[in-house]
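Have a look at the structure below, then the notes.
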Amino acid sequence: MKVAQLVIYRKLKYQELLSDMEALLSCEQASEEESSRLAGQLVELADHYGLEGNLWHSFLALCLANHENAFSTACEIRGEVSGSVNALARHDFQILMELFQMDIKKLGGIWEFLSAYEQANDDSKVFNKRIRNRMMELAAALEAAKTVEVFKAAVTEFYREFGVGKFGLNKAFRVLDAKEPIVIEPITNVEHVYLDDLVGYESQKRKLVENTEAFIEGRAANNCLLFGDSGTGKSSSIKAILNTYYERGLRMIEIYKHQFRCLSDVIEQVKDRNYKFIIYMDDLSFEESELEYKYLKAIIEGGLGKRPQNVLIYATSNRRHLIREKFSDKRELDDELHMNDTVQEKLSLAARFGVTIYFGMPNKTEFQKIVLELAKRRGIAIAEDELLLLANQWELHHGGMSGRSAEQFIIWLQGRA
């Protein structure tokens with residue numbers, strides 16, 4: 001069995017299916033039941049990942065794209081690497097080339113359909129369309145490869161362009177803290193918003209871009225707090241940053257405050273990868289009784305462990321100081337023996353964000369500019385005076401003047417049309 005001789009590409013996610021397929025293609029006769037079982041498994045994978053064409057080759061390409069090992073993680077983002085690992089990779093690629101050369105059409109029957117499989121739709125439940133298509137191109141390139149060097153070059157280029165495994169093939173993630181160890185799960189449907197889609201707030205966007213550019217390029221960069229009025233584009237700006245810099249190796253992990261105890265485990269899992277990770281905390285704020293912020297303080301700055309160079313924290317909040325403060329606190333502080341200590345404790349978390357960016361509610365002129373620009377982009381043909389009159393009526397009953405209310409107003413107009 002050739003699969004058993006693999007050195008680097010061992011313990012694949014679908015190792016059993018790979019071994020069973022090799023056995024099926026190697027034997028002269030196989031039971032109809034076994035053949036149908038394996039064909040069914042390939043079809044299920046095709047539906048899950050959006051595979052098409054020759055499903056045997058597409059499956060092998062998926063195994064290569066999804067397996068994190070010494071060679072693939074070294075090549076991600078960087079491309080070709082030196083060292084003895086290349087010799088081991090060539091050994092495995094020789095075996096994989098031979099697997100690619102096994103023809104499923106010789107099995108006849110239903111395998112004829114699986115050699116030129118067509119998807120019912122273009123969707124993948126795991127990957128976005130661009131990555132799925134690139135993986136199908138990889139399968140075609142590996143099928144056509146005549147030498148191990150050509151095969152290796154095609155795989156290496158894929159790793160350089162997209163990376164490997166879940167961090168390479170997805171851009172956003174969430175934390176499943178119900179399991180041990182902590183699982184970082186891909187988010188497959190990320191909103192496609194870009195900075196140019198956000199009208200106004202040019203200085204805020206510029207400040208965010210400058211900090212992110214420095215981070216992506218390996219220069220010094222700060223943790224970032226976006227604070228201010230609701231509906232002003234704080235969360236959308238961070239989503240836009242992810243979409244803008246994804247192809248340059250940026251990844252984002254969403255985490256909630258009840259998961260802050262998991263932060264050390266999350267950072268431990270990503271610190272040695274060749275990507276840049278932003279840990280994203282949306283709508284961050286704490287009541288006085290909530291003590292999770294102490295975990296966050298230690299992670300950001302103050303713990304014994306040094307924060308990895310490939311990890312930053314970006315947060316949004318409606319509160320500048322993050323921890324709730326009340327006028328009654330002043331009366332309570334009168335009884336404090338060390339009043340300044342209590343004040344500093346409440347301010348210390350916000351102070352750990354080196355970049356703070358304020359997103360304020362737009363004035364009437366700015367709000368109308370946002371409405372006009374959104375209407376133009378969506379092709380809404382209404383006289384300007386009428387459009388602004390309707391917009392002013394809308395904002396009076398729907399949360400005031402903000403980018404969010406302008407967006408909701410335009411959606412309402414589209415629905416009415």
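The values are calculated or read from the model by the stated rules, or taken from the named source; none is laboratory data. Computed from a prediction, not measured in an experiment: that's the story for all the values here. Neighbour counts run over all protein chains shown; Cβ positions are idealised from the backbone, glycine included. Just so you know, the surface numbers come from the protein's heavy atoms only, side chains and all, with ligands and any DNA or RNA stripped out. Shrake-Rupley method; radii C 1.70, N 1.55, O 1.52, S 1.80 Å.
Taking region 152-228, which GluC sites (Glu not before Pro) meet the DSSP loop condition and have no more than 12 other C-beta atoms within 10 Å?
Working: sites: Glu157, Glu161, Glu191, Glu202, Glu210, Glu213, Glu217; in loops: Glu191, Glu217.
Counting only loop positions with at most 12 other Cβ atoms within 10 Å, the GluC sites (Glu not before Pro) in region 152-228 are Glu191, Glu217.
If you take every residue apart from Arg90 with its C-beta less than 11 Å away from the C-beta of Arg90, what net charge results, scoring Lys and Arg +1 and Asp and Glu -1?
-1
Across the alpha-carbon atoms of region 1-129, the computed radius of gyration and Dmax are 15.5, 46 angstrom.
Checking the Cα-Cα distances for Lys129/Lys234; Lys171/Lys205; Lys2/Lys271; Lys105/Lys171; Lys11/Lys239; Lys11/Lys146 against a 31 Å cut-off, the pairs over it are Lys2/Lys271; Lys105/Lys171; Lys11/Lys239.
By the Cα gyration tensor, region 145-240 has an equivalent ellipsoid whose semi-axes, rounded to whole angstrom, run 33, 20, 14 from largest to smallest. Ligands, DNA and RNA are left out, and with a 1.4 angstrom probe the accessible area of the chain is 51 Å² per residue. Working note: Cα atoms of region 208-272, range along each principal axis, descending, whole Å: 32, 31, 20.
Of all beta bridges DSSP finds with both residues in the chain, what is the antiparallel percent, to the nearest 5? For the chain, the DSSP antiparallel bridge percentage is about 20.
Which whole-angstrom value gives the distance between the alpha carbon centres of region 362-386 and region 1-18? Computed from Cα coordinates, the inter-centre distance equals 58 Å. Put simply, the amide H of Ile357, placed in the peptide plane, has neighbours under 5 Å in Leu225, Leu226, Phe227, leaving out anything fewer than 5 places away on its chain. Given R0 = 60 Å, the distance between the Cβ atoms of Glu247 and Glu32 translates into a calculated FRET efficiency of 0.85. Classification of region 74-187 by its C-alpha gyration tensor yields an oblate form. The axis ratio a/c (a ≥ b ≥ c) is 1.5 or more, and b/c is at least a/b. Of the residues Ser236, Leu169, Ala120, the one whose Cα sits farthest toward the positive end of the charge dipole of the chain, with +1 on the Cβ of Lys and Arg and -1 on the Cβ of Asp and Glu, is Ser236.
So, R0 is 41 Å and r is the distance between the beta-carbons of Ala140 and Asp197; what FRET efficiency does that work out to, to 0.05? Don't skip to the answer; put the middle values down first.
Numbers: r = 34 Å, r/R0 = 0.84.
For R0 = 41 Å, the calculated efficiency reads 0.75.
Each peptide among 77-85, 384-392 gets the average number of other Cβ atoms lying within 10 Å of its residues, and from highest to lowest they stand as 384-392, 77-85.
Taking chymotrypsin sites (Phe, Trp or Tyr not before Pro) as exposed when their DSSP state is a loop state and no more than 13 other Cβ atoms lie within 10 Å, the longest site-free interval of the chain runs over 1-193.
Nearest 0.05, what FRET efficiency do Gln119 and Gln269 give at R0 = 30 Å with Cβ-Cβ as r? Let's see the in-between values first.
Numbers: r = 33 Å, r/R0 = 1.09.
Given R0 = 30 Å and the Cβ-Cβ separation, E is 0.40.
Once amide H atoms are built 1.01 Å from N in the peptide plane, which residues 5 or more positions from Ile313, or in another chain, come under 5 Å H to H? The list, which skips near neighbours in sequence, is Asn223, Cys224, Ile279. Of the trypsin sites (Lys or Arg not before Pro) found in region 211-272, those that fall in a DSSP loop while having at most 12 other beta-carbon atoms within 10 Å are Arg219. By the helix-only formula, in which each DSSP H run with n ≥ 4 contributes -39500 (n - 2.57) and the sum is divided by residues, the chain has a 222 nm mean residue ellipticity of -15500 deg cm²/dmol.
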